[in-house]
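Just so it is clear, none of the values below were taken in a lab; they were calculated from the coordinates. Given the structure is predicted, the values throughout are model-derived calculations rather than measurements. All Cβ positions, glycine included, derive from the backbone under ideal geometry; neighbour counts span all protein chains shown.
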Amino acid sequence: MDINQVKKEFTELLRSTGRDGVEDVLEGLEEMGFFTAPASANHHLNIEGGLLIHSVNTCKAALMVWEGMKALEPGLEKEVQRDSVIIASLLHDVCKSDIYIRSVKKRKNVLGQWEDCEGYKVSYKNFPMGHGEKSVILLLCNGLEMTDDEMLAIRWHMGAWGINMNSFEDQRSFDTAQKLYPLVSIVQVGDKLAASIMERSGEEMDEL
Ligand SMILES: [Fe+2]
Ligand SMILES: [Fe+2]
């Protein structure tokens, strides 16, 4: 995949919103390493530029979900703006920009012998703020104007996986955000569809 082409797609989508702060965010993302970071250390898109690819995939999937749901639920047209789908889906995982560090790992080859392989390890030391909440704060600190539904869609994009089940407040806040703002579900589903359908690798399928 041509990473420069994906970066161009990402930049054009983000600029298409005409939102205040987009240029500052693009600069901030460059500095944080967003465009070269992988999407994970060991799972989907654990390659340079993986986070960028995952973000664009999530945006494409979220836009499809939004279009499809508008056909079923015409009222959605007024409730969720296209720009909001783009902002929240493209930027939901910016929290991952600075957590992956290149490292050499051991793995078994087809003959069962251990060998070195290039990989990533994870460190949260730059800004241990959590996941969705970290993305929201980084974007605000970089000067992006965001609506409540965009912030909440990013904050809760992990759905039930991102909730502290010991916290009644977390559970109620997630539930409330989801009911008040359809964008929360659209981004959550887009993220899920990108990771589990668009980004499956042959290697991952072999390990099942
Ligand atoms: Fe995420
Ligand atoms: Fe994601």
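From the cross-link list Lys7/Lys179; Lys78/Lys192; Lys70/Lys134; Lys70/Lys96; Lys8/Lys108, which pairs have alpha carbons spaced over 27 Å apart? Long pairs (Cα-Cα over 27 Å): Lys7/Lys179; Lys70/Lys134; Lys70/Lys96; Lys8/Lys108. Peptide packing for 5-14, 123-132 was compared via the average number of neighbouring C-beta atoms within 10 Å per residue; ordered from the highest value, the list is 5-14, 123-132. Axis of helix 182-193 versus longest Cα principal axis of the chain: the two differ by about 20°, to the nearest ten degrees.
If you take the Cα centroid of region 93-143 and the Cα centroid of region 152-177, the two points sit 23 Å apart. Packing, taken as the mean count of other beta carbons within 10 Å per residue, orders the peptides 21-30, 94-103 from highest to lowest as 94-103, 21-30. Across all directions, the average projected area of the convex hull around the alpha carbons of region 88-208 is 9.8 nm².
Calculate, for Asn126 and Leu72, the FRET efficiency according to 1/(1 + (r/R0)^6) with r their C-beta to C-beta distance and R0 45 Å; round to the nearest 0.05. E between Asn126 and Leu72, to the nearest 0.05, is 0.60.
Using alpha carbons only, how many degrees (0 to 90, rounded to 10) separate the axis of helix 22-32 from the longest principal axis of the chain? Between the helix axis and the principal axis of the chain, the angle is about 20 degrees. Charged neighbours of Glu9, selected by a Cβ distance under 15 Å, balance to +2 (K, R count +1; D, E count -1).
Evaluate the relative contact order of region 3-200 (contact order divided by residue number), counting alpha-carbon pairs under 8 angstrom at least 6 apart; express in whole percent. Relative contact order comes out at 25 percent. The base-10 log of I(q)/I(0) for the chain, evaluated at q = 0.13, 0.19 Å⁻¹, reads -0.74, -1.45 [Debye formula, identical scatterers on Cα atoms, solvent excluded]. Taking the longest Cα principal axis of the chain as reference, the axis of helix 132-141 is set at about 70 degrees.
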